[in-house]
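Read through the structure below, which is laid out as structure tokens, and then see the notes.
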Amino acid sequence: MVSTFAVFNMIVTAILVFGLPVAVIFILRKKGMVTAMLAGSMGFILGSQVFRTPVVQLILSSSAGQSIMENPLLYALLLGVSAAVFEFGGRIISMYYIRKRFSDKEHILGVGVGHGVIEAIFIVGLTYINNILLAMWINDGSVYNLITETVTREMIDQLIVTMTTANPWIFLMAGIERMMTVVIHVALTFLVFQGLRSKKYLPFFGAAIGAHALLDTMTALFSLWGVSIWLIELFVFAFMWLAIYVIVIFWKRMKQAEQLQETLP
């Protein structure tokens, strides 16, 4: 059976992923937050799903694709750099969509949250809804009703082994990791916004792309090398604190600018 603790952690992860945008809207209560989050989500979908995924698939299906997949460094670089570049393009689209109507610090945060949450939903949220259902079906014995011409009993047996032997904490860590990456996406969004606002494109855009590429490349490489999941999460955790530092700096700057604007005649 899938342990009660494992199922509980799955439910917590699903709540974190799907409940975060609602919590942000409720806490900030700023006009235009929904629009900002939708803009961020749109930017991720366009940058990552519409443009990046076909390009990566095209590269991997080319004559060089097999060589790339057999080389962990090249494969990790392809995944990390492509994610950084295409999602940066998505952030630019998001910024241009909202900046003329909503450009307060809360809106920039909303764009980052929208970008990170829709990614979390694609990567973890939908999977964990499925995992919760599978755990329930395994525990009540109805999972074998899933057997079809394409889903064999052997596949179901392997699924049961995977679900029942996995460390229950892994199911919670997935949700915590997604929350950490949302924070990172917010920081990257602030960097892009600052580049657009100041017109200092190279330093801010370079920092956003470089940091994103470094994070995704290293986590992919660690995974390919078989590094412990806990060490990978520790790396993401350290990156998150750097992201918090960036967010705090820009939040204070934007708050001071808003206060100055309010005092002008």
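Observations, loosely collected:
- Near pairs, Cβ below 7 angstrom, 6+ apart or cross-chain, from the range 217-235 (closer than 16 Å to residue 84 by Cβ) to any residue that is of a type in the set (Phe, Trp, Tyr) and surrounded by 14 or more Cβ atoms within 10 Å (Cβ to Cβ): 218/235; 219/235
- Condition met for residue 73 (touching a residue at least 60 places away in the same chain (Cβ under 8 Å), over 15 Å from the mean Cα position of the chain (by Cα) and more than 24 Å from residue 192 (Cα to Cα)): yes
- Qualifying residue in the range 189-204 (condition: closer than 23 Å to residue 79 by Cα, among the small types (Gly, Ala, Ser) and in a helix (DSSP H, G or I)): no
- The residues of the range 206-259 that are within 21 Å of residue 115 (Cα to Cα) and among the small types (Gly, Ala, Ser), listed by number, are 206, 207, 208, 210, 211, 213, 220, 238, 243.
- Residues located in the range 61-76, provided they are among the hydrophobic types (A, V, I, L, M, F, W, C) and more than 16 Å from residue 217 (Cβ to Cβ): 64
- Test: residue in the range 118-127 that is of a type in the set (Ser, Thr, Tyr), buried (at least 21 other Cβ atoms within 10 Å of the Cβ), out of contact with any strand residue (DSSP E or B) (no Cβ under 7 Å at 6 or more places or on another chain) and within 22 Å of residue 20 (Cα to Cα): no
- Test for residue 6: is it in contact (Cβ under 8 Å) with a residue 12 or more places away in the chain, more than 26 Å from residue 187 (Cα to Cα), small (Gly, Ala, Ser) and touching a helix residue (DSSP H, G or I) at 6+ places or on another chain (Cβ under 7 Å): yes
- Any chance residue 100 is touching a residue at least 60 places away in the same chain (Cβ under 8 Å) and of a type in the set (Lys, Arg): no
- Neighbours by Cβ (under 8 Å, 6+ apart or cross-chain): first from the range 181-197, under 12 Å from residue 115 (Cβ atoms); second surrounded by 24 or more Cβ atoms within 10 Å (Cβ to Cβ) and among the hydroxyl-bearing types (Ser, Thr, Tyr): 189/94
- Checked against the criterion of being within 28 Å of residue 126 (Cα to Cα) and assigned to a helix (DSSP H, G or I), the candidates 254, 218 yield just one match: 218.
- Residues that are buried (at least 19 other Cβ atoms within 10 Å of the Cβ) and aliphatic (A, V, I, L, M) do occur in the range 200-208, at least one of them.
Laboratory data are not the source of any read-out in this text; all were calculated from the coordinates shown. Computed from a predicted structure; not experimentally measured. Positions of Cβ are backbone-derived with ideal geometry, glycine not excepted, and every protein chain shown enters the neighbour counts.
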